[in-house]
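The values are calculated or read from the model by the stated rules, or taken from the named source; none is laboratory data. What you see is a predicted model; the values in this text were computed from it and never measured. As a convention, Cβ positions derive from the backbone with ideal geometry for all residues, glycine included, and neighbour counts pool all protein chains shown.
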Amino acid sequence: MPDSSHRLIPAGFPLLPSLGAVPAVTVASAASTASVAVGYPVAPDGALPAELGLDWEALRVYGFEGKPGQTFAVPKLGAPDVVVVGIGADDVRTEAKLRDVVAAFVRAERRASALSFVVGESYPLDEVTIGRAVAEAAVLARYAYTPLKTSSKHVALAAFEIVTPLDSGLVEDGVQEGLVLARAAAVARDLANTPPGHLTAAVFADLAVSVGPKYGLEVTVADKAELIALGCGGILGVNAGSVEEPRMIVLHYVPQGGATAKTHLALVGKGIMFDSGGISLKPSDPMHLLMKMDMGGAAAVFGAMTALQDSGCASEVTAYLMCTDNMPSGSATKLGDVLTIRGGTTVEVKNTDAEGRLVMSDALVLASELKPAAIIDIATLTGAALMALGPSTAALFANDVPLATRVAAAASATDEPVWQLPLEKKYRPQIDSDIADLSNLGGKYAGATTAALFLAEFVGDIPWAHLDIAGTMNSDTDDSWRSKGATGYGARLLARLLVDYPTS
Ligand code: BES
Ligand code: ZN
Ligand code: ZN
């Protein structure tokens with residue numbers, strides 16, 4: 001057993017604080033006087049709320065032009081403050097833009113625990129979409145990770161009211177969907193923000209076992225001995241240098257009355273609890289503070305899985321979270337060592353920092369054995385994905401056009417952008433090895449592609465999509481509903497993908 005007594009982690013340390021802090025989101029036809037502020041979306045030169053008591057001439061003097069995300073607050077005595085929130089001149093009012101507007105309002109009123117927001121009749125989105133987008137933005141824009149602050153100035157959002165003349169029942173349905181999806185993303189953020197010493201693979205597995213059943217998940221965990229019995233030489237090889245044991249967490253969701261579920265889908269998440277690079281030690285760089293988030297894929301899968309029951313997902317889903325840290329030590333995997341992945345494929349380790357593909361391949365084989373309709377994996381896999389697409393867009397690879405189209409549709413619905421890159425077969429020889437079936441290292445260029453080509457070796461002809469989220473796992477700044485730190489990227493995308501997947 002590793003000795004972690006020096007960390008003085010209190011018993012009962014809150015690992016998923018977001019689960020206990022969901023605001024009451026309600027729908028009303030008039031703003032409650034209990035709110036601290038009421039937000040009104042306003043287009044440049046558009047109609048202004050009478051409650052504001054100012055005209056455009058005055059607003060312009062204060063510098064408010066109605067640009068997207070701009071806010072201007074007028075304090076009122078004995079009534080909620082009035083806040084105008086710019087929505088921009090462009091009249092394409094998408095779900096994503098509504099989220100951005102609500103997020104701007106919630107951030108402008110960061111000290112308020114009760115807020116109202118007005119959505120007029122003319123908003124060109126259906127009621128369910130409006131409720132969902134507003135609830136998601138309200139929760140996610142107020143998110144903060146505070147369990148390790150001995151005193152925090154963060155004000156939780158206790159109540160958020162949507163003021164609208166629209167059908168309140170339908171808006172409420174959307175709110176319920178939105179709260180479940182926002183919770184999924186917040187859970188993923190909590191996990192990825194937690195320090196690596198607080199969230200080891202074993203702690204993550206215990207957590208999954210304790211909270212999974214509440215969300216309709218059957219949770220099984222493979223420890224080191226069981227991974228040996230399963231022949232999972234990829235994750236075992238990555239774990240070899242660590243004093244912490246590895247865990248494979250398997251989450252299984254069967255819809256209610258599940259014997260009738262026709263579609264079985266599989267997910268795989270990279271769960272490197274900390275990536276030091278191993279023997280190919282990463283050089284000193286502030287970027288490596290982020291390597292506690294190298295389990296962002298597993299966090300997104302876990303978050304998404306917590307949403308299935310409450311979203312009424314009609315497919316059966318099995319998810320594999322491959323959890324271990326990647327550490328150098330006298331027992332670590334050496335360069336030139338050969339690992340045997342489940343199923344027998346041998347891999348020469350030419351760089352221990354290309355560890356993600358090693359842990360993922362065991363799980364892709366296990367997932368393929370289930371013969372699912374599709375496998376979707378998500379991993380903070382390559383710096384090359386960050387270099388190519390930056391921090392806002394994830395790289396998508398797939399061996400199946402309809403599946404890639406579904407992933408792109410879910411990504412666009414949740415505003416978690418993806419861009420598909422080609423699985424360029426010409427580069428496949430780069431991952432050949434002289435002494436084993438494969439090498440874990442490609443050439444100098446197209447690193448995200450050679451990593452994806454490696455993963456593709458383990459899925460046979462099952463429809464498969466791979467999301468490389470190395471760029472999108474973290475945000476350096478508060479950006480709309482994405483809070484500084486772990487973004488929870490992928491949790492909502494995967495949940496929408498699974499829930500919307502056709503069942504026949
Ligand atoms: N976890 C990293 C990828 C990463 C980089 C995630 C930056 C988030 C931000 C991964 O394990 C890694 O180190 N990949 C190497 C692969 C290389 C050795 C082939 C990389 O991208 O440099
Ligand atoms: Zn690495
Ligand atoms: Zn890694």
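For the reader, a short list of remarks on this structure follows.
- Screening region 22-128 for strands (runs of 3 or more DSSP E) wholly inside it with 3 or more residues that are in contact (Cβ under 8 Å) with a residue 24 or more places away in the chain and closer than 14 Å to Ile162 by Cβ returns the ranges 24-28, 37-42, 114-118.
- Among residues of region 286-309, those that are more than 17 Å from the chain's Cα centre (by Cα) and either more than 11 Å from ligand 1 (Cβ to nearest atom) or farther than 24 Å from Asn239 by Cβ (or both), counted: 2
- Residue in region 342-352 that is within 11 Å of ligand 1 (Cβ to nearest atom) and buried (at least 23 other Cβ atoms within 10 Å of the Cβ) present: yes
- Residue match in region 466-475 (condition: farther than 19 Å from Gly271 by Cβ, surrounded by 24 or more Cβ atoms within 10 Å (Cβ to Cβ) and at pLDDT 95 or above): no
- Answer residue from region 326-342, given it is out of contact with any Lys or Arg (no Cβ under 8 Å at 6 or more places or on another chain), closer than 19 Å to Ala451 by Cα and not hydroxyl-bearing (Ser, Thr, Tyr) and is nearest to ligand 3 (Cβ to nearest atom) among those: Asn326
- Subset tally (residues that are surrounded by fewer than 24 Cβ atoms within 10 Å (Cβ to Cβ) and away from ligand 3 (no atom under 16 Å from the Cβ)) for region 234-252: 5
- Subset of region 283-321 (residues that are in a helix (DSSP H, G or I), small (Gly, Ala, Ser) and within 21 Å of Met360 (Cβ to Cβ)): Gly296, Gly297, Ala298, Ala299, Ala300, Gly303, Ala304
- Residues (within 13 Å of ligand 1 (Cβ to nearest atom) and among the hydrophobic types (A, V, I, L, M, F, W, C)) located in region 310-326: Met322
- Criterion (more than 16 Å from ligand 2 (Cβ to nearest atom), more than 25 Å from the chain's Cα centre (by Cα) and over 16 Å from Val187 (Cα atoms)) met by exactly one of Ala266, Ala225: Ala225
- Here region 376-423 is the region considered, the condition is being in a helix (DSSP H, G or I) and among the hydroxyl-bearing types (Ser, Thr, Tyr), and the residue that is nearest to ligand 3 (Cβ to nearest atom) is Thr414.
- Looking only at residues in region 353-375 that are more than 14 Å from ligand 2 (Cβ to nearest atom) and part of a loop (DSSP other than H, G, I, E, B), the one that is surrounded by the most Cβ atoms within 10 Å (Cβ to Cβ) is Pro372.
- Considering region 435-483, the residues that are more than 16 Å from ligand 2 (Cβ to nearest atom) and free of Cβ contacts under 8 Å to residues at least 40 places away in the same chain include one that is nearest to Leu396 (Cα to Cα), namely Leu453.
- So Ser280, is it within 12 Å of ligand 3 (Cβ to nearest atom), in a loop (DSSP other than H, G, I, E, B) and hydroxyl-bearing (Ser, Thr, Tyr): yes
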